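Here the structure is laid out as structure tokens; the discussion comes afterwards.
The values are calculated or read from the model by the stated rules, or taken from the named source; none is laboratory data. Since the structure is predicted, the reported quantities are computational estimates derived from the model, not experimental observations. Cβ atoms come from the backbone with ideal geometry, glycine included; neighbour counts cover every protein chain shown.
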Amino acid sequence: MASYDDDENFGSYGVVGSFPKDFGYGPDEQDTEDRSPSAENKPRILLMGLRRSGKSSIQKVVFHKMSPNETLFLESTNKIVKDDISNSSFVQFQIWDFPGQIDFFD
């Protein structure tokens, strides 16, 4: 039986479709309770889009269990809001909520 670790076609991946081994989610990782990734090493989800298109509302409903009806009363986002999501030891990432009126080409 061939090992995927020895196959040069997979690079740093152990199995097709898996995370890279050095990404921090593989079975080779030891106990992660004392080694949580720092904020700059966490994967990021960037919420970007048009003004008043529902970026902050989606974040509040999905990750903070807010009722969709309550999101109608959220204030507009004026600056980048960074939110750490660490619900479990396996899923740890950051959400960056960008304001809709930001122009990246100025």
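Condition check ((1) modelled with pLDDT under 90; (2) assigned to a helix (DSSP H, G or I)) across all residues:
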residue: VAL15; (1), (2): yes, no
residue: ASP22; (1), (2): yes, yes
residue: ASP31; (1), (2): yes, no
residue: SER53; (1), (2): no, no
residue: ILE58; (1), (2): no, yes
residue: VAL62; (1), (2): no, yes
residue: THR77; (1), (2): no, no
residue: ASP83; (1), (2): no, no
residue: ASN87; (1), (2): yes, no
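Could you list, in sequence order, the residues of the stretch 82-97 that are surrounded by 13 or more Cβ atoms within 10 Å (Cβ to Cβ) and closer than 12 Å to HIS64 by Cβ?
ASP83, ILE85, ILE95, ASP97
Select from the stretch 43-67 the residues that are under 11 Å from PRO99 (Cβ atoms) and either within 13 Å of the chain's Cα centre (by Cα) or aliphatic (A, V, I, L, M) (or both) and list them in ascending order.
Once the filter is applied, which keeps residues that are under 11 Å from PRO99 (Cβ atoms) and either within 13 Å of the chain's Cα centre (by Cα) or aliphatic (A, V, I, L, M) (or both), the stretch 43-67 yields LEU47, MET48, LEU50.
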